[in-house]
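The values are calculated or read from the model by the stated rules, or taken from the named source; none is laboratory data. Note that this is a predicted model, so its numbers are computed, not measured. Note that we place each Cβ from the backbone using ideal geometry, even for glycine, and neighbour counts take in every protein chain shown. Side chains are part of the model used for accessible areas, which takes the heavy atoms of the whole protein and leaves out ligands, DNA and RNA. Shrake-Rupley method; radii C 1.70, N 1.55, O 1.52, S 1.80 Å.
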Amino acid sequence: MLVLGIETSCDETGIALYDTGRGLLAHALHSQVALHADYGGVVPELASRDHIRRVLPLTREVLRGAGATLAEVNAVAYTAGPGLAGALLVGAGVGTSLAYALGIPAIGIHHLEGHLLSPLLADPAPQFPFVALLVSGGHTQLMRVGGVGDYTLLGETLDDAAGEAFDKSAKLLDLGYPGGPAIAALAASGHAGKYPLPRPMLRSDNLDFSFSGLKTAVLTAVRDLPPGTQARADLAAELQAAIVDVLVGKTIAAMEQTGLTRLVVAGGVGANRLLRMQLDAAAQRCGCTVFYPPFEFCTDNGAMIAFAGALRLQQDKKENPRGNGAGFTVRPRWDLASLVAG
Ligand code: KG4
Ligand code: ZN
């Protein structure tokens, strides 16, 4: 079965073709980072318009790359939420229209389910069940994953996501958007510990997170910071260390609490090298194995949507499971734990 995946939930247009027999055939991505850079964050209206411009040319490029034609596609998977409403509508509109014209199923995919299942695109792929640390720009969650559609929330952020802490702090330090890679790059020449920041909720007796206080602490620290690049690098290093300490501490607590030994890390912050190093070291100490998506599939992409769509369609035995061109909805807010197995 050949599945076309369309991701347009935020500031990346991602298209991919996944074949259930042969694996990922081709994928293409257009990042809008340059488009939003001047504004210090994503401007929703500009994002929607750019998705409209990119989605069909990228689809043609992917088909060409895979040596396939539209007529050979068996299903279309698109991101139905959560995300920016206008941006989601582009992928949903194009996806369902294509499916209707081709007489094939269209399936709306939960963006975080895409992230969550993306480590299964790697070799070796983790076996179910596993604990997943989901760290995207808008979400920080620990989930128990028993199978496709079997997601139990173990803990989540009570306010800002870890990615948001990176992004908002980067703004305070006059760094570019997105903030995570910018902070990580600056932190490389800095020393953590010089300007101490809190490790919010690290010692709390649950698996929840809170990162909004960290942003406030960075605001205060920036105000008192001596001039010069070194001080900014030291603060960036401390911020990265604080976020990583909390993520690693809570994740290891989740492994202990569930008794599971496989950990999956997904979402943009999962590209952070310090996080990977410290998670690997901590996991090794407790006899756990960590699985990451291929590096290019950590941040938003079409491959994870095509792949999640293929898994969902395989699981769903009905002929035309979801969406038959009669209409579609997008869900800018959507709780992952509310999903059920097909
Ligand atoms: O999963 P993603 O691409 O988009 C959402 O679904 O939100 O995640 C984007 C987030 C942003 O907050 C970005 O700053 C962060 O991932 N990020 C990083 C790194 N690369 C991306 N954070 C820390 N270190 C990185 N290397
Ligand atoms: Zn994402």
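Below are the figures for this structure:
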item: Nitroxide proxy distance, nm - points 7 Å out along Cα→Cβ at Arg22 and Glu296; result: 1.7 nm
item: Within the chain, helix-based [θ] at 222 nm, where runs of 4 or more DSSP H residues each add -39,500 (n - 2.57), nearest 500; result: -13500 deg cm²/dmol
item: Within segment 127-292: Cβ-based charge dipole about Cα centre, in debye rounded to nearest 20 (Lys, Arg +1; Asp, Glu -1); result: 300 debye
item: Antiparallel content of DSSP bridges confined to the chain, in %, to 5; result: 60 percent
item: GNM top mover of Leu134, Leu35, Leu239 - the chain, alpha-carbon springs below 10 Å; result: Leu35
item: Over the chain - Rg/Rh using Cα atoms and the Kirkwood inverse-distance radius; result: 0.98
item: Charge-dipole axis of the chain as Lys and Arg at +1 and Asp and Glu at -1 on Cβ define it, positive-most pick from Gln257, Pro198, Leu172; result: Gln257
item: Solvent-accessible surface (1.4 angstrom probe) belonging to Met277, in square angstrom, nearest 10; result: 130 Å²
item: Net length gained if the chain between Arg273 and Asp335 were fully extended (0.36 nm per residue, minus Cα distance); result: 19.5 nm
item: The chain, dipole about Cα centre (Lys/Arg Cβ +1, Asp/Glu Cβ -1), debye to the nearest 20; result: 180 debye
item: Cα→Cβ-extended label distance, 7 Å offset, between Met1 and Asp123, nm; result: 2.3 nm
item: Long-range HN-HN contacts of Ala77 with modeled amide H, under 5 Å; result: Leu4, Gly5, Ile6, Ile107
item: Average projected area [Cα convex hull, segment 127-292], square nanometres; result: 9.0 nm²
item: Residue-by-residue Karplus 3J(HN,Hα) for segment 193-204, coefficients 6.51, -1.76, 1.60, Hz, glycine and proline x; result: x, 5, 10, x, 10, x, 10, x, 6, 4, 9, 5
item: FRET efficiency, 1/(1 + (r/R0)^6) with R0 22 Å, evaluated for Leu35 and Arg64 via beta carbons; result: 0.35
item: Accessible area expressed per residue, the chain, with surrounding protein chains retained (probe 1.4 Å, Å²); result: 41 Å²
item: Among Ala308, Ala77, Ala233, residue whose mean-square fluctuation peaks in a GNM of the chain (springs only between Cα atoms under 10 Å); result: Ala233
item: Solvent exposure, largest accessible area first (probe 1.4 Å, DNA, RNA and ligands not counted), of Tyr151, Tyr100, Tyr177; result: Tyr100, Tyr177, Tyr151
item: Förster radius 45 Å - calculated FRET efficiency between Thr261 and Asn74 (Cβ-Cβ, nearest 0.05); result: 0.80
item: Considering only segment 127-292, percent of DSSP beta bridges that pair antiparallel, nearest 5; result: 60 percent
item: Rounded percent of accessible protein surface that carbon and sulfur make up, the chain, 1.4 Å probe; result: 53 percent
